[in-house]
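Below is one structure, written out as structure tokens; comments come after it.
The values are calculated or read from the model by the stated rules, or taken from the named source; none is laboratory data. What you are looking at is a predicted structure, and each value in this text was computed from that prediction instead of being measured. Cβ atoms come from the backbone with ideal geometry, glycine included; neighbour counts cover every protein chain shown. Quick note on the areas: whole protein, heavy atoms, side chains included, nothing else; ligands and nucleic acids left out. Shrake-Rupley method; radii C 1.70, N 1.55, O 1.52, S 1.80 Å.
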Amino acid sequence: MARLLLLLLSAACLHTGNSAGYTRENDFGVNQPAVLSGVQGGSIEIPFSFYFPWKLAKNPQMSIAWIWKHFHGEFIYNSTRPFIHEHFKGRLILNWTQGQTSGVLRILNLKENDQATYFSQVCLQTTEGMKCWPSIPGTKLIVTHALSTTMRTPSIITSADPTAGLEDTRGQRNSSLLNLGAIIGMVMAKVVVIIPLYRWMIFLWWKQR
């Protein structure tokens, strides 16, 4: 009975390792942002960091794994095997090196069904044996739709009437033609007046000769 109570107490400590109110000197946990938002077709980075009170073994054998959808969901990544879930093939990058206590999981080419909660899990070898613990709350990822180009292009349209520009052009053309006709009329009028005058001057000159 005493052993059973001890096991239950250990499990309770594991689940509260990420909760507020615990000092980092005597507990362990994983920090992740509560919520992140990404655009469909883009990429997103989920940062994480972890802490623990144990002394590391000479060969800590640190490893990072990721679970999605819910706390006891499917593994989508494991740094030790290595393993990547079929749904994320070619789209997951873990920026973390052995020995570091922080890193970033990057998801490329976001899809609508990537929207879920993601939990990181840390495993390492200590002087007290292998220790593994996950992020309890995880990070909720929200995937939004990108604005399509067809929704942005109407903003450059200045008139709802497609013939408005054509009407203005025809009006300008007609005005130009009227101006040209008036100029030609004035020139012809001058010609009609000047030709008889020149003929009269030539006749007077010939009479004098």
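Quick look at the values:
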| quantity | calculated |
| --- | --- |
| Net lengthening on full extension, LEU147/HIS87 (0.36 nm per residue, minus Cα-Cα) | 19.1 nm |
| Isotropically averaged projected area of the stretch 24-67, using the convex hull of Cα atoms (one quarter of hull area), nm² | 4.6 nm² |
| The stretch 56-104 - accessible surface per residue (Å², probe 1.4 Å) | 59 Å² |
| FRET efficiency, 1/(1 + (r/R0)^6) with R0 35 Å, evaluated for GLU112 and LYS55 via beta carbons | 0.20 |
